[in-house]
Amino acid sequence: MTPPVSASNPAGGADFGNALTQGIDSLQKTQATADNLATQAATGSLADVTQYMIASNEAAIATQLTTTVRDKAVAAFTSIMNMQM
């Protein structure tokens, strides 16, 4: 279990950064897999086209998730920056 981020645990920010990096890496792998299967489907070397359809949908959903997380992070940052002290 990951400890919560607090003033006494500044390393929590590094954990968040690592989670984001791993998420982006996973997205890139998912998209690369879908691209490879698309190439195989186009050349006729893919025996089961449903593999491509599944990989394509996984890549699309992962991209939507990443975009949503990015948008929420930007909104949170903007909200923090607009706070008056």
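Some values worked out for this structure:
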| quantity | calculated |
| --- | --- |
| Theoretical FRET efficiency, 1/(1+(r/R0)^6), r = Cβ-Cβ of Ser45 and Thr67, R0 30 Å, to 0.05 | 0.40 |
| Rounded to the nearest 10 Å², the accessible area of Ile80 at probe 1.4 Å | 100 |
| Over the stretch 30-74: Rg over Rh, Cα atoms, Kirkwood Rh | 1.16 |
| Asp25 accessible area, assembled protein chains, probe 1.4 Å, Å² | 70 |
| Solvent-accessible area of Phe77 with every protein chain in place, 1.4 Å probe, in Å² to the nearest 10 | 130 |
| Two-site label geometry, Thr78 and Leu20: point separation in nm, points 7 Å out along Cα→Cβ | 1.6 |
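The values are calculated or read from the model by the stated rules, or taken from the named source; none is laboratory data. Since the model is a prediction, treat every value here as computed from it, not as a measurement. For neighbour counting, all protein chains shown are included, and Cβ atoms are generated from backbone atoms with ideal geometry for every residue, glycine included. Accessible surface areas use protein heavy atoms only, side chains included; no ligands, DNA or RNA. Shrake-Rupley method; radii C 1.70, N 1.55, O 1.52, S 1.80 Å.
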